[in-house]
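This report refers to the structure that appears directly beneath it.
The values are calculated or read from the model by the stated rules, or taken from the named source; none is laboratory data. This one's a predicted model, so the numbers in the text were calculated from it and none came from an experiment. Don't worry about glycine lacking a Cβ; one is built from the backbone with ideal geometry, like all the others, and counts go over all protein chains shown.
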Amino acid sequence: MKRLYVIICMSVLSLTAMARQLSEQDMIKAIARSAEAVSTLQCDIVQTKHMRMMRRDMVSKGSMKYSRPDRLRWEYTSPYAYTFLLNGTKVVLCKDGGKDVVDVARNKMMKEITSVMIGTMTGTALTDAGAFEASVKDDGQYWTVTLLPRKKDLRRMYTTILLMYNPGTGNTERVEMTEKNGDRTVIELKNIVKDKDIDAKVFQVD
């Protein structure tokens, strides 16, 4: 009788684990489908930087515009003006009236950064098995995606990246990135608009 009880318990636990695994795979597939369907994405952003060496958090505000597959405009307007532009293999950093141009194809670190920026905002990072080990948990409000970096360059920057995905809207609404030194950056995406035409001029890097 005791042996039968153990067998039944093990069977129930195995079925529960299998159901949980299937549920997680279903969530991953749903997020991937949502990400692949997005042609453009634009929103307001609120970024909060938690630094261990500082008493006060640093809060920055701005906007983000993305056009599939590789055009991105990330612009801070408060408390300072700073713009990150990606168009194909070129990145332009604009600050204090000056510009720095970077060839992504020749700069491995910048390539990883741009990949993370696009992947986390759109959700495509979830299916990049070469870059991240991904897991998903349903907390009732969000599907919380945990990304653990696989690549050496990414591991030097981040220990974990969390994506809060809203299954009702199909949007990633919050991103939390924990750096190796313990600092944490939280990015909230607000007023999200998808698949609306964006003027190509906003992505010009020349």
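So for the range 67-77 (the condition being part of a strand (DSSP E or B) and touching an Asp or Glu at 6+ places or on another chain (Cβ under 6 Å)), does at least one residue qualify? For the range 67-77, residues part of a strand (DSSP E or B) and touching an Asp or Glu at 6+ places or on another chain (Cβ under 6 Å): absent.
One residue stands out among those in the range 53-66 that are not in a loop (DSSP other than H, G, I, E, B) and not hydrophobic (A, V, I, L, M, F, W, C): the one that is nearest to residue 185 (Cα to Cα), which is 60. Look through 189, 154 and report the one residue that is closer than 20 Å to residue 46 by Cβ and of a type in the set (A, V, I, L, M). The unique qualifying residue is 189. Given the condition surrounded by fewer than 16 Cβ atoms within 10 Å (Cβ to Cβ) and either touching a His at 6+ places or on another chain (Cβ under 6 Å) or aromatic (Phe, Trp, Tyr) (or both), answer yes or no: does some residue in the range 65-77 qualify? Looking for residues that are surrounded by fewer than 16 Cβ atoms within 10 Å (Cβ to Cβ) and either touching a His at 6+ places or on another chain (Cβ under 6 Å) or aromatic (Phe, Trp, Tyr) (or both), one finds none in the range 65-77, hence no. Here residue 105 fulfils each of the conditions (1) touching a Ser or Thr at 6+ places or on another chain (Cβ under 7 Å); (2) of a type in the set (A, V, I, L, M, F, W, C); (3) within 24 Å of residue 183 (Cα to Cα); (4) at pLDDT below 85 apart from (3).
Within the range 84-125, being assigned to a loop (DSSP other than H, G, I, E, B) and either under 15 Å from the mean Cα position of the chain (by Cα) or on the phi < 0 side of the Ramachandran plot (or both) holds for 89, 107, 123. Contact annotation: residue pairs with Cβ atoms under 9 Å, 6 or more positions apart or on different chains, pairing a residue in the range 136-149 that is without any contact (Cβ under 8 Å) to a residue 60 or more places away in the chain with a partner that is in a loop (DSSP other than H, G, I, E, B), are 142/167; 147/128; 147/131; 149/131. Filter the range 151-206 for residues that are among the basic types (Lys, Arg), surrounded by 15 or more Cβ atoms within 10 Å (Cβ to Cβ) and in contact (Cβ under 8 Å) with a residue 60 or more places away in the chain; which is farthest from residue 124 (Cα to Cα)? The selected residue is 184.
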